[in-house]
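The values are calculated or read from the model by the stated rules, or taken from the named source; none is laboratory data. These numbers were taken from a predicted model, which means no experiment stands behind them. Here the Cβ positions follow ideal geometry from the backbone for every residue, glycine too, while neighbour counts run over all protein chains shown.
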Amino acid sequence: MTETITHSQQDRDQKQPGPASRELSGVDLARVALHQAREAAKARGASGSTRKAKQASRTAGMRRDGREVAGFGTVLHGLLADRAWDIPAAGGGVLDRWPDIADAVTANLSAHVTAAAFNAESGQLDLRPDSPAYATQLRLLNARIIAAANDRAGTQAVRTIRVLAIGKTMVPEPRTPAPTPAAAAGPEVSVRTRDMAPEGFHRALAAHQAVPRRREMALDTAQAAARQVSVLRELSQWAFPDPEEVADEQPTPIDSAVLQRRRECAATETAALHRARAERAQRSGAAILRPQGARRGPDPARPESGRAG
């Protein structure tokens with residue numbers, strides 16, 4: 001009984017903190033806690049993983065916090081690592097997309113200018129024209145080409161343009177689109193056609209097609225159409241009358257007018273000849289013999305009755 005009490009008192013003495021332990025505070029307590037944590041980690045065998053996790057969290061905290069002093073190259077490499085960017089890949093994208101970039105700047109530029117190379121570090125894009133005219137055009141469109149290249153590539157990788165010596169332009173092959181997966185074939189549906197119809201349908205269709213189709217017109221519409229046709233016919237006859245029928249033996253009006261004109265000319269000519277002969281005979285004092293059928297004209301030697309009176 002005495003031994004049991006003695007051991008229990010010793011246990012109480014060990015559990016109760018002494019005056020030295022009560023005086024621990026601040027940094028000492030932190031050291032004790034850290035020591036205990038290390039001992040516990042060693043016991044679990046996870047000391048290496050804990051150290052790696054602390055280093056990773058510390059690095060992540062430095063990346064998230066932008067107040068630490070760092071060089072431009074360090075920040076740029078960290079940004080590329082965080083966003084999984086690859087500068088050579090961006091340059092390859094610029095070269096691959098040169099036809100689209102050229103078409104965005106001006107028409108037919110890709111057919112006369114080739115993207116030769118791209119330097120990812122300096123941001124220099126080398127272009128090779130096929131004629132002096134396009135070389136001058138590249139120098140004039142320098143800013144527009146840079147803007148179009150960065151817009152198409154999605155980055156600000158292109159900063160300068162270098163125009164190379166004139167050479168043969170290699171036209172890039174057209175890019176074939178990726179084959180689209182075939183659509184899932186649905187259940188096949190049989191298509192019914194007229195040939196698959198029963199025999200009765202074909203007989204009815206033949207009988208229907210044999211009946212002649214007549215366009216029926218309303219009575220009022222038919223009468224109006226007849227009146228319109230008659231009016232148009234009257235107007236046509238009034239505007240373009242039919243020529244009068246002439247017998248075969250009788251001359252046409254044109255021929256009659258020509259004959260009448262010829263007769264008048266012949267009579268005038270005969271009268272003029274007789275007058276000339278009479279004047280010549282009067283001068284010579286010879287007798288004038290007139291033909292019976294000749295028309296007697298006025299005698300210039302004899303005054304007319306109207307004039308004498």
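Looking at GLY293, GLY297, GLY306, which is the one that is modelled with pLDDT under 75 and assigned to a helix (DSSP H, G or I)? Let's see the steps before the verdict.
Working: GLY293 fails: assigned to a helix (DSSP H, G or I); GLY297 fails: assigned to a helix (DSSP H, G or I).
Exactly one of GLY293, GLY297, GLY306 is modelled with pLDDT under 75 and assigned to a helix (DSSP H, G or I), namely GLY306.
For GLY167, are the conditions met, namely being at pLDDT 75 or above and under 60 Å from the mean Cα position of the chain (by Cα)?
On the way: at pLDDT 75 or above: yes; under 60 Å from the mean Cα position of the chain (by Cα): yes.
It is true that GLY167 is at pLDDT 75 or above and under 60 Å from the mean Cα position of the chain (by Cα).
Restricting attention to the stretch 31-56, which residues are modelled with pLDDT under 80, surrounded by 11 or more Cβ atoms within 10 Å (Cβ to Cβ) and of a type outside the set (S, T, N, Q)?
ALA41, ALA46, ARG51, ALA53, listed by residue number.
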